[in-house]
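Presented below is the structure to which this report refers.
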Amino acid sequence: MALRISVLSSGAILLEGQPVGLADLDAALKTAKETSGSVWYYREGVHAEPPPLARTVLELVVKWKLPISLSSKPDFSDYVDPRTGQSHPRAQTGPAAATAPNRLEPRMPDVDQQRNVEAILATAWTTAADENGRGGIAILRPDRSLLLMPRLPQSAELDALAKNMERVISSAVKRNIAVIADTSFAETGQSAVPSLAHVNQTVPFFGMLVGLSSIGHCVWMFEGHPSALAAGCRDADVLIVDSAMARFLPAGWQDTAAGTMRNPNILLHDRQTFKLRAVRKVGAGANLEFQL
């Protein structure tokens, strides 16, 4: 078993896609040692100065004498050869490797085009924006049912992530944030809420969305299908698009999205750099601006 550990530029530590404290991480590494496990390690912004906790994390891995494999991609789909520094794709292992679909490879899911997506999304917005602690990230499933990923309980790790998100989109005014990503992890008919680790395999920047939701923004996610593109972006102040999904979007998608947004700020999340890049925005300044 390989433990997947990510250290973000904000200083937050993720274990299997979920925020974790040092004590719990130490316990998980101890268990991995007892079960002959290993560690897959990813650090965001590897060319920048590492956050102080990055060294502490590596010291814990050394403490338990666990084999470690470095990844340059946040979804752990590659490994870095320690001798050459070259990146190579990880091979699937196990008897199902030859036939199992690559769940990390984004795709445009088949959607139910008979449902009234406008009405369903209206419910999604209300659910995601709940200000009484019951909100979260509303996800439009391919079958057009809704899945709510509830907000996480307060913790030091979530607070660190939230502070970092304040620099992206301030919580002084609550904003509507639409997200286009592969939602095939939210399988049709599945009532249980998937783990953050499971979602993070398909949407590697999901932790960022958790942080934006935790500071009060209304966040909803859909796949960007042409039948839902305009409705899914309606009244959004910011649209975040997974760079791996952009190739599946219809021609002129930016104009279609901007045409129904309240503030046409469109950001592309680059999977290679794990950074947000503005492809359309309000105003000419470096920071996001809002007309309303």
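The values are calculated or read from the model by the stated rules, or taken from the named source; none is laboratory data. Note that the structure is predicted; figures quoted are calculated from it, not measured. In this analysis, Cβ positions are derived from the backbone assuming ideal geometry, glycine residues included, and neighbour counts consider all displayed protein chains.
In the stretch 41-71, of all residues being surrounded by fewer than 17 Cβ atoms within 10 Å (Cβ to Cβ) and within 20 Å of the chain's Cα centre (by Cα), the one that is farthest from ALA156 (Cα to Cα) corresponds to VAL46. Selection of the stretch 248-292 for residues being β-branched (Val, Ile, Thr) and under 23 Å from the mean Cα position of the chain (by Cα) yields ILE266, THR273, VAL279.
For the stretch 235-253, filtering for residues that are in contact with a Leu (Cβ under 9 Å, 6 or more places away or on another chain), touching a residue at least 24 places away in the same chain (Cβ under 8 Å) and not in a loop (DSSP other than H, G, I, E, B) leaves 7. Do you know which residues across the stretch 272-286 are within 29 Å of TYR42 (Cα to Cα) and modelled with pLDDT under 85? Within the stretch 272-286, GLN272, THR273, PHE274, ALA286 meet the criteria. One residue stands out in the stretch 194-205 among those that are out of contact with any Asp or Glu (no Cβ under 6 Å at 6 or more places or on another chain) and buried (at least 24 other Cβ atoms within 10 Å of the Cβ): the one that is modelled with the highest pLDDT, namely VAL203. The strands (runs of 3 or more DSSP E) found wholly in the stretch 1-74 and carrying at least 2 residues that are out of contact with any Lys or Arg (no Cβ under 9 Å at 6 or more places or on another chain) occupy 2-7, 38-43. Taking into account only those residues within the stretch 123-160 that are surrounded by 21 or more Cβ atoms within 10 Å (Cβ to Cβ) and charged (D, E, K, R), which is farthest from GLY207 (Cα to Cα)? Within the stretch 123-160, the match that is farthest from GLY207 (Cα to Cα) is ARG141.
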